[in-house]
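The values are calculated or read from the model by the stated rules, or taken from the named source; none is laboratory data. Because the structure is a prediction, the values reported are computed rather than measured. So basically every Cβ, Gly included, is an ideal-geometry build from the backbone, and we count neighbours across all protein chains shown.
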Amino acid sequence: MSPETQIPTAAQPTLETMRLEIDGDVGTLTLDRPDDLNAMSPQMIAEFAVIAPWLADRAPLRALVITGAGRAFSAGGDVTWFRKGLEDPDADLVASVRQGADVLHQAIVDFKRIPYPVIAAVNGPAAGAGFSLALMCDIRIASDAAFFAVAYGRIGASPDGGMTYFLPRVIGPAKAAELMLEDPNMTAADAHERGLVSQVVPADELLDVAQEKARTLGAKAPHYVRMAKSLIWQSLDNSLADHLQLERHGIADSMGTEDLKHGVPAFFAGEQPVFEGR
C-alpha cells in the first residue's frame, strides 16, 4: 500500500475530532475521539456538517473509506452530553439535541450526495448514531472485532441519524422493525448473516481490505458510479414512469463523456479501459 499523503490544508477543512487522509484518489475519514469510543459530541457533529459538503462537492476523490480510531467505530451520540443536560437545571436539553440532530441530518444529506463509493470499515462497536453512520455508507465491511447495536431504546431515546430510513432499505421494513424492537447485540458474524455487512475480515486486515475495495470501485467510470448511486436511491420513492425518464437522461448523457468514448473501443478490443472522469 502506498504511503498516505494529505492534500494541502488550504484545500480541505480543518478538523479536530476526525482526520481525513488522502492516498491518490482514495480518502480515509477517521473518527478520532478514541478515548470516548468516537462518540458524536456537538463538536464532531459540527465537523460532520463541514466535511460532508466538501467531500460531496470539492474533494479530489473517487472513493472514500470511513472508519474509527482506536477500538470503536462510533458509540453513537455522546451520552455525557445528554447527562450534563439533564443535570443542569438551566440547560434546555430538548432544544440542544433538536439543534444537534438538525446539523447531523444535514450532514447526512450531504454525505448521500457524494458521487463516488463510500465504504464503512467498521473496526469495533457501531451503536446508535454510529450504526446509522455505517448504514449510510454504500458498502459495509466489518472487522471480526466489530459489533452492532441499535441502542437508542436502552436509554429511552428515539432513533436518529437516518437509522429508520437506511435500515429498512438495507434489510427490508419487517426485518428492520424486528431488529429495532428486539435490539440485540450483534457480532460481525450476526451482522453478516442479517445482510448488514458484505464482508467480515480479521481486524488487522480491515483497513487494507476496505481501501483496496475503494481503489477498485474508484477505478470505474465516475458518471456510471454517480448515476448508479443516485438512481438506486431515487428508485425507492419514484414511480416507474418517472424513474425511467431519469434512466433515459442518464444513459444519454453518458454518451457524451470521454470515458464512454474510450470504453466502447476498449470493449471491442478486449481491453480494460482506464476511466479518467471526463
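So the values come out like this:
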| item | result |
| --- | --- |
| Which listed residue, of Ser41, Ser96, is outside the structural domain of Lys229 (by TED's automatic domain parsing), polar (S, T, N, Q) and in contact with a Lys or Arg (Cβ under 9 Å, 6 or more places away or on another chain) | Ser41 |
| Residue list for the range 199-250, restricted to those being of a type in the set (A, V, I, L, M), under 20 Å from Ala120 (Cα atoms) and in contact (Cβ under 8 Å) with a residue 60 or more places away in the chain | Val201, Ala203, Leu206, Leu207, Val209, Ala210, Ala214, Leu217, Ala219, Val225 |
| Qualifying positions in the range 100-133 - at pLDDT below 95 and of a type in the set (A, V, I, L, M, F, W, C) | Ala101 |
| Strands (runs of 3 or more DSSP E) completely within the range 87-175 that count 2 or more residues being under 15 Å from the mean Cα position of the chain (by Cα) | 118-122, 125-127, 139-143 |
| Among the candidates Ala203, Ala214, residue that is in the same structural domain as Ala69 (by TED's automatic domain parsing), under 22 Å from Val170 (Cα atoms), touching a strand residue (DSSP E or B) at 6+ places or on another chain (Cβ under 8 Å) and surrounded by 15 or more Cβ atoms within 10 Å (Cβ to Cβ) | Ala214 |
| Failed item in (1) of a type in the set (A, V, I, L, M, F, W, C); (2) assigned to a helix (DSSP H, G or I); (3) closer than 18 Å to Leu135 by Cβ, with Trp54 passing the rest | (3) |
| Count of residues meeting criterion [modelled with pLDDT of 95 or more, of a type in the set (A, V, I, L, M, F, W, C) and farther than 16 Å from Ser74 by Cα] in the range 135-169 | 3 |
| Residues of the range 37-60 satisfying the condition of being crowded, with 18+ Cβ neighbours inside 10 Å and over 18 Å from Ala107 (Cα atoms) | Leu37 |
